[in-house]
Amino acid sequence: MSTLFMACKSKKTKVLESPVQASAVTITVDTSIVINDRIPKKVVKEGIVAKTPVAEENLKVELPKVPREFRAAWVATVANINWPSKRNLSTEDQKKEAIALLDLLKDNNFNAVIFQVRPSADALYNSKLEPWSIFLNGEIGKAPTPYYDPLEFWTAEAHKRGLELHVWLNPYRAHHSNGGQVTNESMVRKASDYIVRLKNGMYWFDPSDQRTQDHAAAVVNDIVKRYNIDGVHFDDYFYPYATYNGGADFPDDKTWKAYKTNGGTLSRPDWRRDNVNRFIERVYKEIKEEKNHVKFGLSPFGIWKPGYPAGITGSSQYDELYADAKLWWNQGWVDYFTPQLYWPINPPKQSFTALLKWWQSENKHNRHLWPGLNTVEIRAADKPTEIVNQLQATRELVPNSPGAVHWSIAGLTKNPTMLNKIKSSMYQEQALVPLTPWLNANPLLQPTLLLTTEKDGIYAKWLHKQSDEIRQWILYTRYGEVWTTEILEPGLTGKLLPKKKEGKTLYDVAVKAVDRLGNESPYIAKPVQAK
C-alpha cells in the first residue's frame, strides 16, 4: 500500500484507507495544516475520519536477531503409537487429536512436526499407488468416512500455526506385524514378486530389486508433487534388523543370483549397500527436481560402526542394516541429518556427546545436524534433566545450526514434567528454523505496515504482495529503549498494541515476513510517536 497522505498547498478531495475499516470514506482536507503527516479531526470539512493514522515515515533501525533452532517431534502412526490413538475414531475425533498435538507443539515453542504418512507400504493420504493404512480406520484400503485427507489436513493445520510439516516414510517395510491380516488390498499381494516375509511376521521389499526402488521413489515423488509439505524424512529402517528375521540372513537369493549372473563383482554386503546408496541419492535429486525447497532428512541408527569414534560400542548400521549413512552425509545427499542418539551423555560406550561430535566432524557439506533425542525413555535417573542437558550440548557443539527432534511426541504429551522443563529452560523463546542457504528461494519483498491510533492502543496492520510465500511474520515493538520480538502465524496480519507496557511507552513498530525456508524479508519500521 502507498502512503496515505501527501502534503500540498491546495485543498483536495482524498480517500482515507483504514487498516481496520474496509470501506473508504471521501473527505475534503485543507492539507496546508497537516502536522507530522497526521490530519487533526478539526480540519475535516466533509465526511468522517473514523481512525487517526499514525505517522507514515519509514525508519532505519537496528533490530534484534531472532533465535534460530530446529525444534521438532516425531508423530508415529504405525501401530497407533501417537496418532490416531485408536483405529476406529471418527473423522472429527481424528482431527481433534491432531489439532491438540499441533497446539501443544506451537504453545511450547516448537516449530516443526515430522508426521508418519507411510508406515508400511500404506498411506495416510489419498494415494493411487498404495492403499489406505489400517492404522487409520482399522481396515487396509478403507478411506476415512466422512472423507478427508489426513495429510492435507495435517499440513494445513501445521502451517496455520507456523509449524513446518515433514512427511515421514519407511521406504522398504511392506507390512507391519501389528498391521492385521494381509489382504488383497495390501502391497504384499500386489507386489508379491519383490516382497519377502521375515520370521517375525513382517514383510519387506527387497531393496536390491529395481521395482522396489522405482516404486518407493514414485511414492515420494507423488507426495512431493501433490502436497504442500516442507520436508521428506526417512528413519533407520533400510535392510531390516537381524532380529526381525531370527538372526538369519536377509532372503534376497533371487536378486543376488541375478546380479552375479549379469557379471556383478561386488561382495554381497557391498552390493546391498550400493542398492541403498543409489536409492538415497536418487530420492534426493528427484525431490530437488520437483520442488527445490522441500528438504530431505534422514534419521539413521546413531552408530555408523563400533569404534567410530574411538571407544563407541554397539550395533553397526553399516554391517547390519547395510546403510552407509556416513557416505550419504559426506556426499551431501541430505539437507538435514538426524542420527538417533538415544543414549545419555554418560557412560562413554554410547555417549550422546561423543557421537554428536563425530557426526559433526563428518559434515563435509555443512548440512543441518539435528540429532534425535529419546525423550520418551532415555536411560537416566532424571530424564527431563538429561534431555535438557542434551539440548544444551547440541547448541554448544553445533552452534551455527542448532536443533533436535524428539522421539516421540508421547514424551511430551505423557510427561508434563518433561514438557515443562524443556520449555522453561530451553524453549523459553520462539525460534525460527535455521536457514538452508544451499536451497534457492525467491527473495521476499518488504511488507507494508500501517499504524492507526485506537482508543485502547495502536493497531498495527501488515500486508504482503507475496502472501502465498509467507510462512510467518516477525513483529518487533520498541517500548522505551528495548526491542521485543514475536513470531506470528501467517494468517495473523494485525494486532492491537498497548501504548504503554510495564510503564514504558511504545515508540516504534517493525515487521518482517518469513518464507518457508526461514528467509527473512527486508523490514519495515515506523514510529508511533516522536521521543
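The values are calculated or read from the model by the stated rules, or taken from the named source; none is laboratory data. Predicted model, so just to flag it, every value in this text is computed and none were measured. Virtual Cβ from ideal backbone geometry, glycine too; neighbours counted across all protein chains shown. SASA here: full protein model, heavy atoms, side chains in, ligands and nucleic acids out. Shrake-Rupley method; radii C 1.70, N 1.55, O 1.52, S 1.80 Å.
A few remarks follow.
- Scan of the range 378-396 for residues that are over 16 Å from residue 299 (Cβ atoms), open to solvent by less than 60 Å² (accessible area, probe 1.4 Å), assigned to a helix (DSSP H, G or I) and in contact with a helix residue (DSSP H, G or I) (Cβ under 8 Å, 6 or more places away or on another chain), ordered by number: 384, 385, 387, 388, 391, 393
- For the range 436-449, the condition holds for no residue, the condition being that it is closer than 25 Å to residue 160 by Cβ, in a strand (DSSP E or B) and touching a Gly at 6+ places or on another chain (Cβ under 6 Å).
- Hey, residue 399 without any contact (Cβ under 8 Å) to a residue 12 or more places away in the chain and either in a loop (DSSP other than H, G, I, E, B) or touching a His at 6+ places or on another chain (Cβ under 8 Å) (or both) or not: yes
- Candidates 216, 242: the one that is of a type in the set (A, V, I, L, M), under 24 Å from residue 304 (Cβ atoms), surrounded by 14 or more Cβ atoms within 10 Å (Cβ to Cβ) and under 26 Å from the mean Cα position of the chain (by Cα) is 216.
- Tally of residues being over 22 Å from residue 235 (Cα atoms), free of Cβ contacts under 8 Å to residues at least 24 places away in the same chain and either of a type in the set (Phe, Trp, Tyr) or surrounded by fewer than 16 Cβ atoms within 10 Å (Cβ to Cβ) (or both) across the range 77-96: 5
- Search result, residues across the range 450-465 that are under 18 Å from residue 520 (Cβ atoms), open to solvent by 30 Å² or more (accessible area, probe 1.4 Å) and either not aliphatic (A, V, I, L, M) or not in a strand (DSSP E or B) (or both): 465
- Cβ-Cβ under 6 Å pairs, at least 6 apart or on other chains, the range 448-470 side more than 15 Å from residue 514 (Cβ to Cβ) and of a type outside the set (Val, Ile, Thr), far side modelled with pLDDT under 95 and not in a strand (DSSP E or B): 450/19; 451/54; 459/20; 461/19
- Inspection of the range 461-470 finds no residue satisfying the criterion of being among the basic types (Lys, Arg) and within 30 Å of residue 389 (Cβ to Cβ).
- The helices (runs of 4 or more DSSP H) found entirely in the range 230-347 that carry 1 or more residues being charged (D, E, K, R) and within 26 Å of residue 402 (Cα to Cα) are 268-290, 325-331.
- Check on residue 177, at pLDDT below 95 and open to solvent by 10 Å² or more (accessible area, probe 1.4 Å): yes
- Residue count for the range 476-486 under the criterion of being part of a loop (DSSP other than H, G, I, E, B) and either of a type in the set (S, T, N, Q) or in contact (Cβ under 8 Å) with a residue 24 or more places away in the chain (or both): the result is 1.
- Scanning the range 105-123 for residues that are buried (at least 24 other Cβ atoms within 10 Å of the Cβ) and on the phi > 0 side of the Ramachandran plot gives a single hit, 121.
- Filtered by the rule that a residue be hydrophobic (A, V, I, L, M, F, W, C) and in a loop (DSSP other than H, G, I, E, B), the range 94-140 gives 110, 121, 124, 129, 140.
- Subset of the range 354-377 (residues that are of a type outside the set (A, V, I, L, M, F, W, C), part of a loop (DSSP other than H, G, I, E, B) and open to solvent by 10 Å² or more (accessible area, probe 1.4 Å)): 362, 363, 364, 365, 366, 367, 374, 377
- Members of the range 494-531 found to be of a type in the set (D, E, K, R) and open to solvent by 70 Å² or more (accessible area, probe 1.4 Å), listed by number: 499, 500, 501, 502, 504, 531
- Exactly one residue among 192, 186 is over 17 Å from residue 284 (Cβ atoms), buried (at least 17 other Cβ atoms within 10 Å of the Cβ) and polar (S, T, N, Q), and that residue is 186.
- Each residue in the range 252-273 was checked for being open to solvent by less than 50 Å² (accessible area, probe 1.4 Å) and of a type in the set (Val, Ile, Thr), and 1 pass.
- Subset of the range 501-531 (residues that are within 32 Å of the chain's Cα centre (by Cα) and either small (Gly, Ala, Ser) or at pLDDT below 95 (or both)): 510, 513, 518, 521, 525
- Scanning the range 487-531 for residues being on the phi < 0 side of the Ramachandran plot and in a loop (DSSP other than H, G, I, E, B) gives a total of 18.
- Cross-chain or 6+ apart pairs with Cβ under 8 Å, the range 420-445 first and within 21 Å of residue 406 (Cβ to Cβ), then open to solvent by less than 70 Å² (accessible area, probe 1.4 Å) and among the aromatic types (Phe, Trp, Tyr): 427/110; 433/70; 434/70
- The requirement of being assigned to a strand (DSSP E or B), farther than 30 Å from residue 519 by Cβ and over 19 Å from the mean Cα position of the chain (by Cα) is fulfilled somewhere in the range 176-196, by at least one residue.
- Residue check: residue 468 meets all listed conditions (1) surrounded by fewer than 14 Cβ atoms within 10 Å (Cβ to Cβ); (2) in a strand (DSSP E or B) but one, namely (2).
- Filtered residues of the range 303-329 (kept if open to solvent by less than 10 Å² (accessible area, probe 1.4 Å) and without any contact (Cβ under 8 Å) to a residue 60 or more places away in the chain): 303, 312, 325, 328, 329
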